Amino acid sequence: MSAGFLSRSRIVAPNGWSRWLVPPAALSVHLAIGQVYAWSVFKAPLEKYLNLSGKESALPFQLGIVMLGLSAAVLGTRVEKNGPRWAMFVSLLCFCSGFMLAALGAYTQQYWLVVLGYGGLGGIGLGVGYISPVSTLIKWFPDRPGMATGIAIMGFGGGALIASPWSAAMLGAFGVAYEKGKVLAVADDAIATTFLVHGLVYAVFMTLGVLLVRVPPEGWRPKGWSPADSKTGALITTNQVSARNAIRTPQFWCLWVVLCLNVTAGIGILEKASPMILDFFGKTSMAVTATAAAGFVALLSLANMLGRIVWSSASDVVGRKNIYRLYLGAGAIMYLVIALIGIEEKVVFIGCAIVILSFYGAGFATIPAYLRDLFGTYQVGAIHGRLLTAWSAAGVLGPLIINQIADSQKAAGYSGPALYTTSLYIMIGLLVIGFLANELVRPVKARFHEARELGDLGKPAATTAAATTTAKASKPGEIAAKASTAPSETSGATKTSNAGETGAAKTSNTGETGAAKTTNAGATGNAGKASNPGKTGTPGRTGNSFKKGNRARTGNPARTGNTGKMAIPGKTGNTGKTPIPGKTGNTGKTPIPAKTANPAKTADAAETANTATTAKTAEAGK
Amino acid sequence: MNRPFLIAFAWLWVGAPFAYGAYQLVLKVTQLFQ
């Protein structure tokens, strides 16, 4: 699937490619899939046409959001591996086929097909399409990651902005009759035709992203920028952490709590915005009409969208931890102000709600940049995907809290603002917990870092870390676990070498730094545990000797008698500085031909197995 | 392909519908103050 046109290798940007072509590519996907937030437009016509309850008509949306979280979490690693064009194409396919299936369901009046199509299939498209553009933009804008993620995720908010009036106009044009906002009649095929047109138009719209998206070439940097120029801080790492390791860190779960609670607090007000303002001010001298309440909801949408780009861009300047202090700390204060003063002052209420909603949107937009700071760019998309489960949880938690409490207060005879005061204090409590979780975020410990240095663009660049980590690590099992995660999930690295069988011999491309010196690294105290000469020059999946435990095959001094700087009598007979007369024909200082891999793979290996660094590795090992 | 043209086209592709959505939103927001 990932071969050919869709493969990552086909979309490496040529020289002179402007990075400002990437945001529109990302936006063409996010603006499309953001349509999910405009589902409510279809609810009333569906209820009328298929005789559904409000709960039933919400099912496609709910399933869609659940599938978004699940597919982002489950497919995140594959998305990273196969690249953004593949991801955008899959997203297009799922999202648009979902509409087609929903059209069939509406046409045949089989509602389950609408749910399955829009929610199930379309939801997968949402998850896959959500994370890939974000991680691609992060790689193109290493100097402004907050702004980059803000652009993409603002697009997701903007999707509903476009779809809401557009879908309503189309439903009207195809035969849904409205009077004072209520559906009077629905013509046969009106909904089916609307779904069909949506699917087709979005397919065309998203195609731009599929065609235009590019990944930066290895070693690419923005003009006049170097990593040293970027804002540095304890939380901004130059190391890389795989998705698999990331979820084992407390930092991931702290951010999970931060996102979940920030979103819960936002949803709390977003869900009930319209009835809330009516209950607060409907019967006061500052009377608010239903039309004005709709305007209030629109204003909150605007705040939600603008907050994504504005606050997220600001996080590039003030730092990610500080900006979340603002979202959560000031958010709690805003809720408190509403609870204490807002119930009497319309302007104060509206102002606070706007700020809260801007923080809500910003929380979504800044989190990928926060992840990038903590875990590096290597698998930031996959890590982001896993973190989105917090969104799914918040999607249930937020409305549940505010609806449940409002209902129980109503049953107890309360009315007006009293319906919401308890909810407001609960939201304050949640935001304070989120604030504390953010305070607990510390730099990720070295034991979670990849056992190799990875380039900024997520491709393995050198192997220093292997020996360094090996030297530091105390448990062989720990080393093995770390090393095993990274390569299996990097497309480039996976194919770079095939040391599985031959260990050091095949993978250490350069005789001088490979076999000879790597054995040194092993000799520094790791021999017989996890050390294998292959580790220093073996960035590939199978070539990772930690993972495969090749010590038993080639690197194990006990079996092969491989010691110190002596040649390794493994299968290939790779020997230090001398030509290798083994199967691979590996000769001293030259790259390994033939059996190593196909030419493309070997090229990858050449990129990754940086011999100079390998030499350092040996030194580190010493 | 001409890069400046491509950049302009790409931004217009996403900018035009976005502007439409933003315009519709502003129309709604004004209702709050009527």
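Rundown of residues vs (1) surrounded by fewer than 19 Cβ atoms within 10 Å (Cβ to Cβ); (2) polar (S, T, N, Q); (3) within 14 Å of another protein chain (Cβ to nearest Cβ), yes/no style:
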{"residue": "A:258", "(1), (2), (3)": "no, no, no"}
{"residue": "A:277", "(1), (2), (3)": "no, no, yes"}
{"residue": "A:302", "(1), (2), (3)": "no, no, yes"}
{"residue": "A:312", "(1), (2), (3)": "no, yes, no"}
{"residue": "A:317", "(1), (2), (3)": "yes, no, no"}
{"residue": "A:322", "(1), (2), (3)": "yes, yes, no"}
{"residue": "A:329", "(1), (2), (3)": "yes, no, no"}
{"residue": "A:332", "(1), (2), (3)": "no, no, no"}
{"residue": "A:336", "(1), (2), (3)": "yes, no, no"}
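Please go through the range A:313-356 and give me each residue that is touching a residue at least 12 places away in the same chain (Cβ under 8 Å), under 30 Å from residue A:137 (Cβ atoms) and among the β-branched types (Val, Ile, Thr), ordered by number. Even if it seems obvious, please write down each step before you answer.
Restricting attention to the range A:313-356, the residues satisfying the condition of being touching a residue at least 12 places away in the same chain (Cβ under 8 Å) are A:313-317, A:319-321, A:323-332, A:334-339, A:342-343, A:346, A:349-350, A:352-356.
Filter again for under 30 Å from residue A:137 (Cβ atoms), leaving A:313-317, A:319-321, A:323-331, A:334, A:353-356.
Passing the criteria: A:317, A:323, A:354, A:355, A:356.
Within the range A:157-183, residues that are more than 14 Å from chain B (Cβ to nearest Cβ) sit with their Cβ atoms under 6 Å from residues that are at pLDDT 85 or above and assigned to a strand (DSSP E or B), at 6+ positions apart or across chains, in these pairs: A:176/A:186; A:177/A:184; A:177/A:185. If only residues of the range B:18-32 that are under 11 Å from residue A:301 (Cβ atoms) and of a type in the set (Gly, Ala, Ser) are counted, the one that is nearest to the other protein chains (Cβ to nearest Cβ) is B:21.
Restricted to the range A:24-58, and to residues that are more than 14 Å from chain B (Cβ to nearest Cβ) and under 22 Å from residue A:390 (Cβ atoms), which residue is surrounded by the fewest Cβ atoms within 10 Å (Cβ to Cβ)? If we take residues in the range A:24-58 being more than 14 Å from chain B (Cβ to nearest Cβ) and under 22 Å from residue A:390 (Cβ atoms), then A:58 is surrounded by the fewest Cβ atoms within 10 Å (Cβ to Cβ). Scanning the range A:415-438 for residues that are without any contact (Cβ under 8 Å) to a residue 60 or more places away in the chain and surrounded by fewer than 16 Cβ atoms within 10 Å (Cβ to Cβ), we see that the one that is nearest to residue A:242 (Cα to Cα) is A:436. For residue A:89, the test of being under 18 Å from the mean Cα position of the chain (by Cα) and in contact (Cβ under 8 Å) with a residue 12 or more places away in the chain is passed. Among the residues of the range B:1-17, those that are facing another protein chain (nearest Cβ under 8 Å) and of a type in the set (A, V, I, L, M) comprise B:6, B:7, B:10, B:14.
For the range A:107-123: of the residues being in contact with a Gly (Cβ under 8 Å, 6 or more places away or on another chain) and among the β-branched types (Val, Ile, Thr), which is farthest from residue A:187 (Cα to Cα)?
It comes out as A:115.
If I filter the range A:11-23 down to residues being out of contact with any Gly (no Cβ under 7 Å at 6 or more places or on another chain) and more than 10 Å from chain B (Cβ to nearest Cβ), which single residue comes out as nearest to residue B:6 (Cα to Cα)? Step by step, filter the range A:11-23, then rank; the result is A:19.
Of the residues in the range A:66-82, at least one is surrounded by fewer than 23 Cβ atoms within 10 Å (Cβ to Cβ), under 20 Å from residue A:7 (Cα atoms) and among the hydroxyl-bearing types (Ser, Thr, Tyr).
The values are calculated or read from the model by the stated rules, or taken from the named source; none is laboratory data. Since the model is a prediction, treat every value here as computed from it, not as a measurement. Neighbour counts are summed over all protein chains in view; Cβ atoms, including those assigned to glycine, are modelled from backbone coordinates with ideal geometry.
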